[in-house]
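Undergrad: Take this structure first; my questions come after.
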Amino acid sequence: MLSSNERICALDENFVSKKRTVFQIENSTKLLYKINYKVYNKNGKELYQCEKGKFCDVIHDNVIFEYEKKNHFTSIDLIIQKSNSSYKVIFKKKFGNSIDIVLSNEALNETANLKMKGHFLKNNFEIYNQDNSSLLCSFKKNGIFSKMYTIEVEKGVDSVLMMMIVFILINMIQRTRTAAASSAAAA
């Protein structure tokens, strides 16, 4: 999953970026626990859609993988089913603005640990490998009231996997902000 030269591929070699790639995503989620996104290239062409437990290639009209998201009190489990393989991604909220991400493929006995760091007020977030030496992906909201985000996936990284990770992270960030706003309003 994570090799010595920091390539990360979990789903398919075809999704590993050969150069730094920029995507625009539209968050169409109306409920905090739902996932509903559209992914566009830098020219505005829709590439992927993610909703109702499926991540789809819009251009080729096929399902890339199916997924299940399980919410827990301080974490989220994401189970990705692709062909005959299953991947589990665990997101653990840490103190402050940090989230640990554990990718695992039990069948291949492979694990990779990632970290998300962010600036919640600035809406800028970054995903690094475990020791923070390599940036794998960054994402930011395109304005305080915008539904659009920009994702930049670094060279050698599975872009589809990173998009799915970002979708879950956005969901976690939205839930954290809503909880904080509710707490502030109740005080």
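Undergrad: Do you know which residues across the stretch 21-55 are without any contact (Cβ under 8 Å) to a residue 12 or more places away in the chain and open to solvent by less than 40 Å² (accessible area, probe 1.4 Å)?
TA: none
Undergrad: Filter the stretch 67-76 for residues that are touching a strand residue (DSSP E or B) at 6+ places or on another chain (Cβ under 7 Å) and not small (Gly, Ala, Ser); which is surrounded by the fewest Cβ atoms within 10 Å (Cβ to Cβ)?
TA: First pass over the stretch 67-76, keeping only residues touching a strand residue (DSSP E or B) at 6+ places or on another chain (Cβ under 7 Å): 67-70, 74-76.
Adding the requirement that they be not small (Gly, Ala, Ser) leaves 67-70, 74, 76.
Numbers: Tyr67: 20, Glu68: 11, Lys69: 18, Lys70: 11, Thr74: 8, Ile76: 21.
Checking each candidate, the answer is Thr74.
Undergrad: Test of understanding: among Lys155, Lys140, Lys115, which residue is assigned to a loop (DSSP other than H, G, I, E, B), modelled with pLDDT of 85 or more and either out of contact with any Gly (no Cβ under 8 Å at 6 or more places or on another chain) or not small (Gly, Ala, Ser) (or both)?
TA: Working: Lys140 fails: assigned to a loop (DSSP other than H, G, I, E, B); Lys115 fails: assigned to a loop (DSSP other than H, G, I, E, B).
None of the others qualify; the one that does is Lys155.
Undergrad: Just to be sure, is Ile80 part of a strand (DSSP E or B), under 15 Å from the mean Cα position of the chain (by Cα), of a type in the set (A, V, I, L, M) and over 15 Å from Asp158 (Cβ atoms)? Walk me through how you get there before you give the answer.
TA: Values: part of a strand (DSSP E or B): yes; under 15 Å from the mean Cα position of the chain (by Cα): yes; of a type in the set (A, V, I, L, M): yes; over 15 Å from Asp158 (Cβ atoms): no.
When the stated conditions are applied, Ile80 does not pass them.
Undergrad: If you take the residues in the stretch 120-131 that are open to solvent by 60 Å² or more (accessible area, probe 1.4 Å) and part of a loop (DSSP other than H, G, I, E, B), which one is modelled with the lowest pLDDT?
TA: If we take residues in the stretch 120-131 being open to solvent by 60 Å² or more (accessible area, probe 1.4 Å) and part of a loop (DSSP other than H, G, I, E, B), then Leu121 is modelled with the lowest pLDDT.
Undergrad: Is there a residue in the stretch 97-119 that is touching a helix residue (DSSP H, G or I) at 6+ places or on another chain (Cβ under 9 Å), of a type in the set (Ser, Thr, Tyr) and either under 23 Å from Phe23 (Cα atoms) or open to solvent by less than 40 Å² (accessible area, probe 1.4 Å) (or both)?
TA: The answer is no, given that none of the residues of the stretch 97-119 is touching a helix residue (DSSP H, G or I) at 6+ places or on another chain (Cβ under 9 Å), of a type in the set (Ser, Thr, Tyr) and either under 23 Å from Phe23 (Cα atoms) or open to solvent by less than 40 Å² (accessible area, probe 1.4 Å) (or both).
Undergrad: Next question. Just for the stretch 77-96: of the residues that are modelled with pLDDT of 90 or more and within 14 Å of Ile173 (Cα to Cα), which one is surrounded by the fewest Cβ atoms within 10 Å (Cβ to Cβ)?
TA: From the stretch 77-96, those modelled with pLDDT of 90 or more are 77-80, 88-92; that's our starting set.
Among the residues that remain, those that are also within 14 Å of Ile173 (Cα to Cα) are: 91-92.
On the way: Phe91: 22, Lys92: 13.
Per the criteria, the residue is Lys92.
The values are calculated or read from the model by the stated rules, or taken from the named source; none is laboratory data. Everything numeric here is computed off the predicted structure, so don't read it as measured data. With ideal geometry, Cβ positions are generated from the backbone for all residues, glycine too; neighbour counts draw on all protein chains shown. Just so you know, the surface numbers come from the protein's heavy atoms only, side chains and all, with ligands and any DNA or RNA stripped out. Shrake-Rupley method; radii C 1.70, N 1.55, O 1.52, S 1.80 Å.
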